[in-house]
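What follows is a single structure, written as structure tokens, with notes after it.
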Amino acid sequence: MTGLASALRTLAVTAAAGLFTVTGAVTSAPAAPAPPVPAAPEPKAPREFVALSSVDRTILQEMRYTTPHNFVGEPVDGYRQPVCILTRPAAEALHRAQVRLLARGYTLKVYDCYRPQRAVDHFVSWAKDLADEAMKKEFYPLVDKSRLFADGYIAEKSGHSRGSTVDLTIVRLPARPTRAYVPGERLVECSAPRAERFPDNSVDMGTGYDCFDTLSHTDDPRVGGVQRANRQLLKGALVEQGFVNLPEEWWHFTFKPEPFPSTFFDFPVARRSVAGGH
């Protein structure tokens, strides 16, 4: 009995230590789970960035990349909320242009403003996937997707990420709402006549926004009449306030001099990214 009691005591001590010997195999008690690693805080915008609405509440905002109505066909990485963020000098210059346009019966409408680098990376990844052509018929009907990099439609860096570039148009007042895009609806070429392409409450610029086509070149000679006049109205109002147009895109303007001419930011498009969260 003394030997049996001693063996039982040894077994109890061994079990308490979490170590057993079973048919020659040694196992240990499961370790406690490691504490979760806290997520890295999201980057914030420098103090020089503002929400456009904090400078001018009258400028319309139709932030396309928060929606599936864009050439990718889904909301783009980094666009958390439909808010236009810009450097303060660019936002104030837009306000000055808006004041002049309002006096003529028009308003500006922005499609895209600051763009995080993660969104640009999303574009690059999408462009490399040649099988994904879900939105081709509307946004690049005449361009082979394999040519998007070579033809300059997609690049690994964007001036938008520096915070002083904006994509925008003009809307005649009183502004009528633009109907919502329905995913899966029939697509129409962005270069089609205005009455046929996706409805937009803007004036007729000859193509839709983000149209990968040479007709989108601001001074394309095939664009005349009212369409050319509308493009010149937009360009004139912005150039007067220090913006420079990208000749290949009638909607694309950069304020000069840029506060951050060589910095590409990656904070998300969200109200909390800018001071005060306006």
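The values are calculated or read from the model by the stated rules, or taken from the named source; none is laboratory data. Source: prediction; values computed, not measured. For neighbour counting, all protein chains shown are included, and Cβ atoms are generated from backbone atoms with ideal geometry for every residue, glycine included. Just the protein is used for accessible areas: all its heavy atoms, side chains included, with ligands, DNA and RNA removed. Shrake-Rupley method; radii C 1.70, N 1.55, O 1.52, S 1.80 Å.
Remark: spin-label model distance Leu233-Arg96 equals 2.2 nm, labels positioned 7 Å along the Cα→Cβ axis. Carbon-plus-sulfur accessible fraction, the range 204-278 (probe radius 1.4 Å, protein heavy atoms only): 58%. Rounded to the nearest 20 debye, the dipole size of the chain about its Cα centre is 840 debye, using +1 on the Cβ of Lys and Arg and -1 on the Cβ of Asp and Glu. When +1 charges are put on Lys and Arg Cβ atoms and -1 charges on Asp and Glu Cβ atoms, the dipole computed for the range 25-177 relative to its Cα centre reaches about 700 debye. Computed about its Cα centre, the charge dipole of the range 164-278 is approximately 460 debye, with only Lys, Arg, Asp and Glu carrying charge at their Cβ.
Dividing the convex hull volume of the alpha carbon atoms of the chain by its residue count, what do you get in Å³ per residue?
Values: hull volume 60.0 nm³, N = 278.
With only Cα atoms used, the chain gives 216 Å³ per residue.
Once you divide the Cα radius of gyration of the range 46-182 by 2.2 N^0.38 Å, the number left is 1.12.
Its DSSP H runs of at least 4 residues, each contributing -39,500 (n - 2.57), put the calculated 222 nm mean residue ellipticity of the chain at -7000 deg cm²/dmol, to the nearest 500. For the pair the range 56-84 / the range 109-133, the C-alpha centres are spaced 12 Å from each other. For the range 136-278, the square roots of the Cα gyration tensor eigenvalues, ordered a ≥ b ≥ c, give a/c below 1.5, which places it in the rounded category. Which one, Met135, Leu187, His160, projects farthest toward the positive side of the charge dipole computed for the range 87-213 from Cβ point charges (K/R +1, D/E -1)? Farthest along the dipole direction, towards plus: His160. With 22 Å as the limit on Cα-Cα distance, the pairs of Lys235/Lys256; Lys157/Lys235; Lys109/Lys137 that go past it are Lys157/Lys235; Lys109/Lys137. Ligands, DNA and RNA left out, the 1.4 Å accessible surface of the range 48-202 is 50% carbon and sulfur atoms.
The translational diffusion coefficient of the range 167-243, from Stokes-Einstein at 4 °C and 1.567 mPa s with a Kirkwood hydrodynamic radius over alpha carbon pairs, comes to 96 µm²/s. Of all alpha-carbon pairs in the range 196-278, indicate the percentage at a distance above 21 angstrom. Counting every Cα pair in the range 196-278, those more than 21 Å apart make up 45 percent. Only protein heavy atoms count here; under a 1.4 Å probe, His95 has an accessible surface of about 70 Å². Between Glu48 and Glu74, what FRET efficiency comes out of the Förster formula 1/(1 + (r/R0)^6) with R0 = 41 Å and r the beta carbon distance, rounded to 0.05? My answer for the efficiency is 0.85.
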